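Written below as structure tokens is the structure these notes are about.
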Amino acid sequence: MNIAVPKETASGETRVALTPPIVSLLTSDGFSVAVQEGAGMQAAFTDADYKQAGATVVAGAEELWRNANVVLKVQKPTVDEIGMMASGTTLISFLWALSDPELVEHLREAGVTAVGMDALPRISRAQTMDALSAMSSIAGYKSVLLGANALGKYLPMLVTAAGTIPPARVLVLGAGVAGLQAIATARRLGAIVEAFDVRPAVKEQVESLGATFIDIPTGEEDTETSGGYARELKEETRRRQQEVLREHVRKSDLVITTALVPGKPAPKLISEDMVGDMNAGSVIVDLAAEQGGNCELTRPGEDRFTDNGVIIRGPLNIPAAMPVHASQLYARTIHTLLRHLIKDGQIHLDFEDEITRQAVITHDGRVSSPLLLNTKP
């Protein structure tokens, strides 16, 4: 079985799907691994590192793609890249199939077996292949550094000869993996941290990290999906939450938003009016910028300065800002998934298995993902 690792072509993408240590594990198991020239350079992995690990370094992308039985990527493929794959090739990468039906159709028409790293079920057996959580942890950590860099204040309390500096107040909206890592990082840096999530079950996790949980009753409304994600709320519930959060946002020096609903635009948690109440110099880091943002004033990929002096950062693809560890973690999740899918040296798809059934988006010229099939009219 020939495994190919192309160089990522998406703008700003610095990660690579396999690292040399994981290549060594695959080649020692008898698999052939080809890596495109320069694929790992931005993540500090040289072509020489890959050769030493047993990989073949290939200069041309087309040769790499056409000779592959399995293609491993980080970002979803372009139409041209799909065109270079032979029918029956297995592709494993982030796909975000729910929000990109055209990509799914291209993959289906090409006869590609497409496996979405973002589509793995949130079950205990799949934890070690959960690339989303691994990348979200990096995003949560980095978000605090991005906020601290823009904030004109210390985060910790400092007692100096010139006087005492009070600690900064940090508010984290959304306590999933990214939010919890943001809480932990802000606490390590000495800030006073508050957090909110629509799922009451995360309160204990928030408090265990030393933050104060903002408890806003949601009545009898179900706020969590069966997969553990936050559920989109009714308009009245969202309005009530914004009323309570307004005061917490107003008094915060740094607000980090992480709330996402799978397959839908990010929920708006911070209105323009709420931003208008914030103090000059306050910072918002919106981790949901790629899905439209949790703040009404977020501009994806930009830093915005409001008339009242608030800085709103809308970073994209934050894990790519830490490519070494992001690539290492992603490669480990890929390797674990491969071990799950490979039997007798070949990709073997058992659709009776929940992990395989949920993760495979297209196969044998048809859409196979139950999530996509259930959303069709």
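Read-outs throughout are calculated quantities, based only on the coordinates presented, and are distinct from any laboratory measurement. Predicted model only: the values in this text are computed from it and were never measured. Neighbour counts run over all protein chains shown; Cβ positions are idealised from the backbone, glycine included.
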#### Entry: Centroid-to-centroid separation of the range 31-60 and the range 305-327 [C-alpha atoms, Å]
29
### Query
Between the range 160-213 and the range 239-268, what's the alpha-carbon centroid distance in Å?
14
### Message
If I model a spin label as a point 7 Å beyond the Cα along the Cα-Cβ vector, how far apart are those points for Arg238 and Lys51 in nm?
### Response
5.5
### Message
If you fit an axis through the alpha-carbon atoms of helix 177-188 and take the longest principal axis of the Cα set of the chain, what angle between them do you get, 0 to 90°, nearest 10?
### Response
50
### Summary
Phi-derived 3J(HN,Hα) across the range 136-151 with the Karplus relation (6.51, -1.76, 1.60, θ = phi - 60°), rounded Hz, x for Gly and Pro, is 5, 4, 5, 4, x, 4, 5, 4, 5, 5, 5, x, 5, 5, 8, 7
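In what sequence, highest mean first, do 29-36, 167-174, 286-293 appear when ranked by Cβ atoms within 10 angstrom?
For the peptides 29-36, 167-174, 286-293, the packing ranking is 167-174, 286-293, 29-36.
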### Task
Evaluate the charge dipole of the range 72-172 about its Cα centre and quote only its size in Debye, nearest 20, assuming +1 on the Cβ of each Lys and Arg and -1 on the Cβ of each Asp and Glu.
660
### Query
Does anyone have the angle between helix 323-341 and the longest principal axis of the chain? Alpha-carbon axes, 0 to 90°, nearest 10?
50
### Task
Out of all DSSP beta bridges with both ends in the chain, state the antiparallel percent to the nearest 5.
25
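If you stretched the chain out fully between Ala280 and His325, how much longer would it get, using 0.36 nm times the residue separation minus the C-alpha to C-alpha distance? Provide the component values of the computation, followed by the final result.
On the way: separation 45, 0.36 × 45 = 16.20 nm, distance 3.48 nm.
Between Ala280 and His325, full extension yields 12.7 nm more.
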### Query
Build a GNM of the chain with springs between Cα atoms under 10 Å: which of Ile361, Ile347, Ile256 gets the top mean-square fluctuation?
Ile347
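Quick check for me: using +1 on Lys/Arg Cβ and -1 on Asp/Glu Cβ, what's the dipole size of the chain about its Cα centre, in debye to the nearest 20?
Numbers: 35 positive and 46 negative charges, 145 e Å.
So the dipole magnitude of the chain works out to roughly 700 debye.
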### For Val58, residues with placed amide H under 5 Å, excluding near neighbours
Val35, Gln36, Glu37
### Query
Where does helix 235-250 land angle-wise versus the long Cα axis of the chain, in degrees 0 to 90, nearest 10?
60
### Task
Among the lysines, select those whose C-alpha is under 26 Å from the C-alpha of Lys76, and discard any that sit fewer than 8 residues away in the same chain.
Lys7, Lys51, Lys142, Lys264, Lys343, Lys376
### Message
Can you find, among Tyr154, Val198, Ala211, the residue sitting farthest towards the positive end of the charge dipole of the range 133-320, where Lys and Arg contribute +1 and Asp and Glu -1 at Cβ?
### Response
Tyr154
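Tell me, in nm to one decimal, what length is gained between Glu105 and Asp353 on full extension, where the rule is 0.36 nm per residue of separation less the Cα-Cα distance?
Details: separation 248, 0.36 × 248 = 89.28 nm, distance 2.41 nm.
Working it through step by step, the gained length comes to 86.9 nm.
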#### Entry: Gain on full stretching of the segment that runs from Ser28 to Glu63 - 0.36 nm per residue minus C-alpha separation
10.2 nm
